[in-house]
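The values are calculated or read from the model by the stated rules, or taken from the named source; none is laboratory data. Being a predicted model, the structure only gives us computed values, none of them experimental. Virtual Cβ from ideal backbone geometry, glycine too; neighbours counted across all protein chains shown. Protein only, heavy atoms only, side chains kept; ligands, DNA and RNA dropped before computing areas. Shrake-Rupley method; radii C 1.70, N 1.55, O 1.52, S 1.80 Å.
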Amino acid sequence: GGKGANMFFLDLDRVRAGGDVRTTLMIRNIPNKYSQKMLLSTVDEKHKGTYDFLYLPIDFKNKCNVGYAFINFIYPLSICDFYQSFNHRKWDKFNSDKVCELSYARIQGKQALITHFQNSSLMTEDKKCRPLIFFSEGPNQGTYEPFPVGPNVRRRNDVRREEERE
């Protein structure tokens, strides 16, 4: 496979043919005023229960999102419907001119995403700013699952002290 940007390019034909089984997407060009809750309700209009991880990173200084989010689908094929709904579409709130772009994320899969974030200083922040996970199977599929906080959570003020030292 090609390296660089092509690695993250989403090819629906490959997904449908089973040639690409990645499940985690990056949603880009999200209007900065969107909250995680707004993004969630926008996604849930048509795609509730098809994903098990959603995270819209927030810039704590200005309390706005950073313009992109991550979503992990339970099945690769769900990406096709999601792509039809979102890719190259404008957002319906805030009269934004931003156009949604989808690509594959660098970190792939619910477990890898949990591992990546569970020791992050995010875990000490307001719950509204943390990644969300949902049950991937069984009768509770698509309902909230508590996020497992890692044993070595970094506190954000530790980071600040390091910055002061530099």
Fill in: Qualifying residue in region 55-64 (condition: at pLDDT 95 or above, outside any loop (DSSP other than H, G, I, E, B) and not aromatic (Phe, Trp, Tyr))
no
Practice prompt. Quick one: in region 77-104, of everything that is of a type in the set (A, V, I, L, M) and within 20 Å of Asp13 (Cβ to Cβ), which residue is surrounded by the fewest Cβ atoms within 10 Å (Cβ to Cβ)?
Written response: Leu77
Response to the item:
Only unsatisfied item for Lys33, checking (1) part of a loop (DSSP other than H, G, I, E, B); (2) over 24 Å from Phe117 (Cα atoms); (3) of a type in the set (Lys, Arg), is (2)
Worksheet entry | Subset tally (residues that are at pLDDT 85 or above and either farther than 21 Å from Met38 by Cα or of a type in the set (Val, Ile, Thr) (or both)) for region 121-140 | 6
Item to complete: Run down Val21, Val66 and say which single residue is exposed (fewer than 15 other Cβ atoms within 10 Å of the Cβ), without any contact (Cβ under 8 Å) to a residue 40 or more places away in the chain and at negative phi.
Response: Val66
Discussion item. Every residue in region 24-47 that is among the hydrophobic types (A, V, I, L, M, F, W, C) and open to solvent by less than 10 Å² (accessible area, probe 1.4 Å), please.
Written reply: Leu25, Ile27, Ile30, Leu39, Val43
Practice prompt. Would you point out the residue of region 73-105, among those that are of a type in the set (Asp, Glu) and not in a strand (DSSP E or B), that is farthest from Gln141 (Cα to Cα)?
Written response: Asp97
Practice prompt. With respect to Glu162, determine if the residue is modelled with pLDDT under 80 and open to solvent by 60 Å² or more (accessible area, probe 1.4 Å).
Written response: yes
Discussion item. Under 6 Å between Cβ atoms, which residue pairs at least 6 apart in sequence (or on different chains) link something in region 116-129 that is open to solvent by 40 Å² or more (accessible area, probe 1.4 Å) and part of a helix (DSSP H, G or I) with a partner that is at pLDDT below 80 and not acidic (Asp, Glu)?
Written reply: Thr124/Arg155
Discussion item. Which pairs turn up if I take residues in region 132-160 that are under 25 Å from Asp59 (Cβ atoms) and of a type in the set (A, V, I, L, M) and look for partners that are outside any loop (DSSP other than H, G, I, E, B) and modelled with pLDDT under 80 with beta carbon separation below 6 Å, at least 6 apart in sequence or on another chain?
Written reply: Val149/Met123; Val153/Met123
